[in-house]
Structure formats: structure tokens, C-alpha cells
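Report on one structure; see the data block that follows.
The values are calculated or read from the model by the stated rules, or taken from the named source; none is laboratory data. Quantities reported herein were computed from a predicted structural model and do not represent experimental measurements. Note that we place each Cβ from the backbone using ideal geometry, even for glycine, and neighbour counts take in every protein chain shown. All accessible areas refer to the heavy atoms of the entire protein, side chains included, with ligands and DNA or RNA removed. Shrake-Rupley method; radii C 1.70, N 1.55, O 1.52, S 1.80 Å.
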Amino acid sequence: MLPELNSDGNLPEGIHPATEEEVFLRFATTSARRQWLGEQLRSLLSLAKSTGQLSRVFLWGSFVTGKEVPNDLDVLLVMAADFTLEALPAYCRVVFDHVQARLHFHADVFWTKASIDVQALQLWLDTYQTGKDFKRKGIVEVIGS
């Protein structure tokens, strides 16, 4: 279960596991913008899952805050160690192309393979927990994806 937002409107520092349904109920219902971004996230995750190689998903940024009108989606996809873009149908590749994902889903999508060094992944996730104001905040790991 996701913790309450702090007085700054952010999740407390740390990586907070949540099911897709929890994410949508918590962050994609309170405004038209949030609902629209929620649908974009649903489509993005559906395509990523259709590869059969999605291992982990992390969300951060304004979507997982109390901001009434979030800017966009910020997503890290961790794919199976043997994942290759070349093996994907063209329609799935949009998720893994930063510019195309931005245009199609209004999302900044980053991705890596599960074979990434654990310390490198931790550094990446630690960076995502630091806001533009340099305050520490929580991020969400979508479980059951």
C-alpha cells in the first residue's frame, strides 16, 4: 500500500511498491489531466508487457505526487537480460524510442536490461528520488507487471 504524501505533496523518500491498480486509483483519478496520463501509462505498459520481457517498472516525477496537473510521465522499464529491440515488431519499438514515446505517451521513458549492474541501477533510482529542488522524494515500483 502506498504511503500518504508528505507536506510537500511527495511520497516519502524510498521505493514504494504498488500494483498497477493502486497506481491508477491513487494517481490517475483526481483530474482530467491525471486520467489522461493514466490512460497513456496504461497503453505504454500494455505495449511493454506485450514483449513478454518486462521485468520491472519504476515511476517518478510529478505524476506520483499531489500535483493537480502533472507535467508528464517518467518511467524506467527494466527488460529481461536477453531483450533486443531488433526482435520486436515495429509497433512495440515506440516505447523504447525516447522521442517517439514522448510524442505517443507524453512520457519520458528510459529503459535498461535486468543484467544492469545492481549498483548502477541503485544510482539511477537514487537520482530519480532527487527532485529539481534537490529535495528527496519517493518513487514507485509497479509490481505484478
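Side notes on the structure shown:
- All positions within segment 2-59 that are under 21 Å from Trp111 (Cβ atoms) and touching a Ser or Thr at 6+ places or on another chain (Cβ under 7 Å): Glu20, Leu45, Lys49, Leu54, Val57
- Filter result (of a type in the set (Val, Ile, Thr) and open to solvent by less than 30 Å² (accessible area, probe 1.4 Å)) within segment 128-145: Ile139, Val140, Val142
- The selection criterion, being free of Cβ contacts under 8 Å to residues at least 24 places away in the same chain and either under 23 Å from Asp117 (Cβ atoms) or open to solvent by less than 20 Å² (accessible area, probe 1.4 Å) (or both), does not hold for Thr29.
- Residue in segment 82-104 that is in contact with a Gly (Cβ under 9 Å, 6 or more places away or on another chain) and at pLDDT below 95 present: no
- Residue pairs whose Cβ atoms lie under 8 Å apart, separated by 6 or more positions or on different chains, with the first residue in segment 126-145 and over 15 Å from Leu77 (Cα atoms) and the second of a type in the set (Lys, Arg), are Gln129/Arg136; Gln129/Lys137; Thr130/Arg136; Thr130/Lys137; Gly131/Lys137.
- When the residues of segment 34-91 are filtered to those that are closer than 22 Å to Lys113 by Cβ and of a type in the set (Asp, Glu), the one that is least open to solvent (accessible area, probe 1.4 Å) is Asp74.
- Segment 101-125: number of residues that are surrounded by fewer than 16 Cβ atoms within 10 Å (Cβ to Cβ), farther than 20 Å from Gln53 by Cα, out of contact with any strand residue (DSSP E or B) (no Cβ under 9 Å at 6 or more places or on another chain) and of a type outside the set (A, V, I, L, M, F, W, C): 2
- Verdict on Val95 being of a type in the set (A, V, I, L, M, F, W, C), open to solvent by less than 60 Å² (accessible area, probe 1.4 Å), in a helix (DSSP H, G or I) and closer than 22 Å to Glu20 by Cβ: yes
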